[in-house]
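Colleague: Let me give you the structure first, and then I'll get to my questions.
No lab work stands behind these numbers, since they all come straight from the coordinates. Treat the numbers as computed from the prediction; the structure is a model and nothing was measured. Cβ placement follows ideal geometry from the backbone for every residue including glycine, while neighbour counts extend to all protein chains displayed.
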Amino acid sequence: MFGKWLGGGLGFVMGGPIGGLLGFIVGSVIDSTTDSSSGSTQRKTRTSQGDFGVSLLVLVAAVMKADGKVVKSELDYVKQFFVRQFGNEAAKEAVLMLKDILKQDILVRDICIQISHNMDYSSRLQLLHLLFNVSLADGSINKAESDLIEKISGALGIANNDFVSIRNMFIPETDSSYKILEIERTSTNDEVKKAYRRMAMKYHPDKVSHLGDDFRKTADEKFKKVNEAYEKIKKERNMV
């Protein structure tokens, strides 16, 4: 049933608080994620598609519950987000899992610590970007959601400048373009160019190519936001 979201192998999510939370779901796929000779779950050196997908759904559930309630319209908005990003089949599976996860107690900090100890940094940045994206699915990001995403970011071990950069892609602040590039308005033109090259490399979709085509496509959005910020600054400064 959950082949799309649990596909690509499961590693670290089979243990710790995520495994405990999702035991009712992942129990049926343990056989396909364990080594036949040892019977133990295989630890992967890079984040697998399955690890990432499950981690995303758990954190999405936590954000949806941030204001203390989950209404049908909110779930519908999230479903439409998954349809746009991943297609109808994957969206149906995601919503089925999400409904079950929403019924559970989610120990957000413990789960984030488990993720931070096992997931590469680029994948964690992608998780953060998608959490903002899902929160915006209903047209706005409320304070409770924004505050929780900030706490999740810290628990995931994401640097504050990276958090501010991604937040400004969704919640523009003063000098938003500069904050996306992680520089100040007082930066020189050369510093702007260097910052753009650095951020373009950090957020290049190839950084998360190991997550599979579906999740790699969502990384294009961050890359485009960096380009848009750079073009806006260039226009303001008449840079060549």
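Colleague: Could you derive backbone 3J(HN,Hα) for the range 177-192 from the dihedral phi with the Karplus parameters 6.51, -1.76 and 1.60 (θ = phi - 60°), listing whole Hz in sequence and x where the residue is Gly or Pro?
Modeller: These are the phi-based 3J(HN,Hα) values: 4, 5, 5, 4, 8, 6, 9, 9, 4, 7, 4, 6, 4, 5, 5, 4 Hz.
Colleague: Now for a different question. If you average the alpha carbon positions of the range 88-151 and of the range 158-220, how far apart do those two centres end up, in angstrom?
Modeller: About 20 Å separates the Cα centre of the range 88-151 from the one of the range 158-220.
Colleague: Another one. Can you tell me the convex hull volume per residue for the range 159-240, based on C-alpha atoms, in Å³ to the nearest whole number?
Modeller: Given the Cα convex hull of the range 159-240, per-residue volume reads 91 Å³.
Colleague: Next question, about the same structure. Can you compute log10 of I(q)/I(0) for the chain with the Debye formula, treating each Cα as one identical point scatterer, at q = 0.17 Å⁻¹?
Modeller: -1.26
Colleague: With runs of 4+ DSSP H residues as the only contributors, calculate the mean residue ellipticity of the chain at 222 nm using -39,500 (n - 2.57) per run, divided by the residue total and rounded to the nearest 500.
Modeller: Working: 14 runs with 155 residues, N = 240.
The helix-only estimate for the chain comes to -19500 deg cm²/dmol at 222 nm.
Colleague: To the nearest 20 Debye, how big is the dipole of the chain about its Cα centre, given +1 on the beta carbon of each Lys and Arg and -1 on that of each Asp and Glu? Don't skip to the answer; put the middle values down first.
Modeller: Values: 34 positive and 31 negative charges, 95 e Å.
So the magnitude is around 460 debye.
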